[in-house]
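Chemist: Sending over a structure as C-alpha cells; questions will come in a sec.
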Amino acid sequence: MQIPGHIDPVITGTVSLRGGNRIDLVGLSRDAIRATLEEAGLDVKAAKLRAKQIWHWIYHRGVTEFDEMTDIAKSMRPWLTDRFIVGRPTVVTAQVSNDGTRKWLLSASDGQEYEMVFIPDADRGTLCISSQVGCTLNCRFCHTGTMKLVRNLTAGEIVGQVLLARDALGEWPKGTMASTADLDDEDDETGHYTADGRILTNIVLMGMGEPLYNFDEVKGAMKIVMDGDGLALSRRRITLSTSGVVPMMARAGDEIGVNLAVSLHAVTKEIRDEIVPLNRKYGIEDLLQACADYPGANNARRITFEYVMLKDKNDSDEDAHELVRLIKKYKLPAKVNLIPFNPWPGANYECSTPNRVRSFSNIVFAHGISAPIRTPRGRDIMAACGQLKSESKKLSRAELDRIADEKQAALG
Ligand code: SAH
Ligand code: SF4
C-alpha cells in the first residue's frame with residue numbers, strides 16, 4: 001500500500017572501500033587512541049598530543065580526513081592516513097516522513113544493517129539510535145523482536161550514528177581552531193561554533209536492540225558522546241531504554257549516568273510474561289525495586305515508564321489504577337509515556353481506541369503522575385517506536401569469511 005506522503009528512499013549508498021586494513025579510530029576512548037598511536041610508533045609524548053588533537057577533530061569538528069586536521073604537521077598526515085581512518089557507517093537508504101522524521105538504514109563494514117531515526121520537534125531534535133542488529137528478546141508487539149540477534153554493535157558503530165546524523169544535518173561547527181599553536185594558513189574557514197542552536201539536542205537509545213545486553217559498547221559510546229571536548233551532550237539529554245534487564249540497571253546508573261526509561265507495558269505477571277517475555281526472568285516487582293534503587297533518579301530526573309497501548313490487552317481502567325498503585329508503592333519519581341501501538345506487517349495486536357488511551361491517561365494524571373500520550377512519529381516510513389527492522393540475518397562463520405575475502409579482493 002502506498003501511504004500518502006511517502007517518499008521513496010532518496011539515497012542509495014555504495015559500500016565504503018576506504019577502510020582496508022586501516023584501523024578505524026571512531027569509538028576508541030581517548031586513551032585507546034593514544035595507545036594505538038604509540039603502538040604504531042609514536043613516542044609517548046607525541047602520541048599524547050596527537051591523540052588530543054585527533055579527538056578534537058573527530059568529535060568537535062566532524063572531520064574525517066587527516067589532511068584536514070590543520071594543527072597536525074603536514075608531514076605527519078600521510079603517515080596517519082596510511083594507518084588509520086575516521087569511519088562512518090554507510091548509508092543504504094535515507095527516508096523522510098511527511099512529519100519531518102528521518103530514518104536511515106545503515107550498513108556496517110561487515111554489511112550488517114541497522115536503523116537510526118531523527119525526530120525534529122519545536123524545542124528539540126532527538127536522535128534514536130540502535131545498540132544491536134536485531135534483538136535477543138522478542139517482545140510480541142515489536143517488529144525488531146521478530147529478528148534474531150545478529151550481533152552487538154560496537155562503540156564505534158553506536159557513536160558513528162551520532163556522527164553521521166550530524167553530517168546529514170549539516171551540524172558541524174565552522175570556524176578556526178584558535179586554541180592550536182601551529183595552525184596552517186590553509187584553514188580559511190570563518191564563523192564560530194556556538195553550542196546554542198543545536199539541531200541534534202537529545203539522544204535516545206530506543207532503536208534496535210536491548211542496550212543493557214550490550215553494556216560495555218553502549219557505555220563506551222555514551223562516554224564519547226558526553227565528552228566535553230567533543231560532542232559534549234549532557235547526560236541529562238540522553239535516555240537509555242531497557243525492557244528490564246534488572247541486574248544491569250544499577251551499573252547503568254552508576255557508570256553511564258544517563259536518564260532511564262523502562263519498557264513496562266503491563267502491570268500483571270500474566271500479561272507482561274506474555275508480551276515482554278523477559279518478565280519471566282525478571283518480574284515486575286524486581287524491576288520496580290531496581291527502578292527505586294536507580295542511582296540518580298529523583299523528582300528532577302524522573303524515570304520514564306513506557307507503556308504501549310494494546311487494545312483489550314493492557315489498556316483497561318483497572319490496569320491504569322494498578323499502574324498508579326505500583327508507582328506509589330515503590331515511591332518512584334516517575335512519569336509514564338503512553339505509546340499508541342505502531343502497527344507493522346504481521347503484528348497480532350491493535351492499537352487501543354483514542355478514548356481508551358485518554359481514559360487511561362486521565363486516571364494516571366488524576367493521581368499526580370504525568371502520563372502524556374506520545375504522538376506517533378514517522379509511521380509512514382516505518383520509523384515509529386517498535387517498527388524498526390533490517391534484513392540482516394545471522395550468517396555462518398564461513399559466509400562471513402567469504403564476504404571478508406570478497407571485500408579484501410575488491411580492495412586489491
Ligand atoms: N529494547 C529497548 C529499547 C528499544 S524499543 C526496550 O525495549 O526498551 C523503544 C520502545 O518502543 C520500547 O518501549 C518498546 O517496547 C516500544 N515498542 C516496541 N514495539 C512497539 C510498537 N509496535 N508500538 C509502539 N511501541 C513499541
Ligand atoms: Fe528488543 Fe526492545 Fe523490541 Fe523488546 S521492545 S524486542 S527488547 S527492541
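The values are calculated or read from the model by the stated rules, or taken from the named source; none is laboratory data. Quantities reported herein were computed from a predicted structural model and do not represent experimental measurements. Backbone-built Cβ (ideal geometry, glycine too); neighbour counts: all protein chains shown. Only protein heavy atoms, including side chains, enter the accessible area calculation; ligands, DNA and RNA are left aside. Shrake-Rupley method; radii C 1.70, N 1.55, O 1.52, S 1.80 Å.
Chemist: Relative to the Cα centre, what is the charge dipole magnitude of the chain, using +1 at the beta carbon of each Lys and Arg, -1 at the beta carbon of each Asp and Glu, and rounding to the nearest 20 debye?
Modeler: Dipole about the Cα centre, nearest 20: 1220 debye.
Chemist: I would also like to ask the following. Give the angle, between 0 and 90 degrees and rounded to the nearest 10, that separates the Cα long axis of helix 354-366 from the longest principal axis of the Cα atoms of the chain.
Modeler: 90 degrees
Chemist: With +1 on the Cβ of every Lys and Arg and -1 on the Cβ of every Asp and Glu, and nothing else charged, how large is the dipole of the stretch 23-86 about its Cα centre, in debye rounded to the nearest 20?
Modeler: 240 debye
Chemist: Related question: Rg and Dmax of the stretch 280-412, Cα atoms, in Å?
Modeler: 20.8, 67
Chemist: Show me the ranking of peptides 31-42, 331-342, 117-128 by mean Cβ neighbours inside 10 Å, starting with the highest.
Modeler: With the highest mean Cβ count within 10 Å placed first, the list reads 331-342, 117-128, 31-42.
Chemist: Using just the helices of the chain, give the 222 nm mean residue ellipticity in deg cm²/dmol: DSSP H runs with n ≥ 4 each add -39,500 (n - 2.57), and the total is spread over all residues, rounded to 500.
Modeler: -8500 deg cm²/dmol
Chemist: Out of all DSSP beta bridges with both ends in the chain, state the antiparallel percent to the nearest 5.
Modeler: 45 percent
Chemist: Students often get this wrong: which residues of the stretch 216-240 have the backbone nitrogen under 13 Å from the point 7 angstrom along Cα-to-C-beta of residue 31?
Modeler: 220, by backbone N distance to the label point.
Chemist: Related question: Any cysteines in the chain with zero other Cys Cβ atoms under 4.7 Å from their Cβ? List them, or say none.
Modeler: 128, 135, 291, 351, 385
Chemist: Using only Cα atoms, tell me the angle between helix 155-169 and the longest principal axis of the chain; keep it within 0 to 90° and round to the nearest 10.
Modeler: Between helix and principal axis, roughly 90 degrees.
Chemist: Over the chain, what portion of Cα pair distances is larger than 39 Å, expressed as a whole percent?
Modeler: 22 percent
Chemist: So what's the gap between the Cα centers of the stretch 299-318 and the stretch 63-137, to the nearest angstrom?
Modeler: The stretch 299-318 and the stretch 63-137 have Cα centres separated by 33 Å.
Chemist: With charges only on Cβ, +1 for K and R and -1 for D and E, what is the dipole size of the stretch 223-338 about its Cα centre, in debye, rounded to 20?
Modeler: In total the dipole reaches around 380 debye.
Chemist: Report, ordered by chain and residue number, the aspartates and glutamates lying within cross-link reach of residue 219, taken as a straight Cα distance under 20 Å and ignoring same-chain residues fewer than 8 apart.
Modeler: Answer for residue 219, where 20 Å is the Cα cut-off: 24, 31, 115, 157, 210, 227, 229, 254, 255, 293, listed by chain and number.
Chemist: Can you tally the net charge around residue 283? Count Lys and Arg as +1, Asp and Glu as -1, for every other residue whose Cβ sits under 15 Å from the Cβ of residue 283.
Modeler: Within the 15 Å Cβ shell, the charges total -1.
Chemist: Then there is this: What whole-number value in Å² describes the accessible area per residue of the chain for a 1.4 Å probe?
Modeler: Ligands and nucleic acids excluded, the result is 46 Å² per residue.
Chemist: Okay, next question. Peptides 365-372, 222-229: what's the order by average Cβ count within 10 Å, highest mean first?
Modeler: 222-229, 365-372
Chemist: In whole percent, and with a 1.4 Å probe on the protein chains, what portion of the accessible area of the chain is carbon and sulfur?
Modeler: 52 percent
Chemist: Against the longest principal axis of the chain, how steep is helix 215-226, in degrees 0 to 90 to the nearest 10, with axes from Cα atoms?
Modeler: Around 70 degrees separate the two axes.
Chemist: Considering the dipole of the chain built from charges on the beta carbon (Lys and Arg +1, Asp and Glu -1) around the Cα centre, which of 59, 292, 345 is farthest to its positive end?
Modeler: 292
Chemist: Please say if the stretch 23-86 is rounded, prolate or oblate, where rounded means a/c under 1.5 for a ≥ b ≥ c the square roots of the C-alpha gyration tensor eigenvalues, and otherwise the choice is prolate for a/b larger than b/c and oblate otherwise?
Modeler: Rounded.
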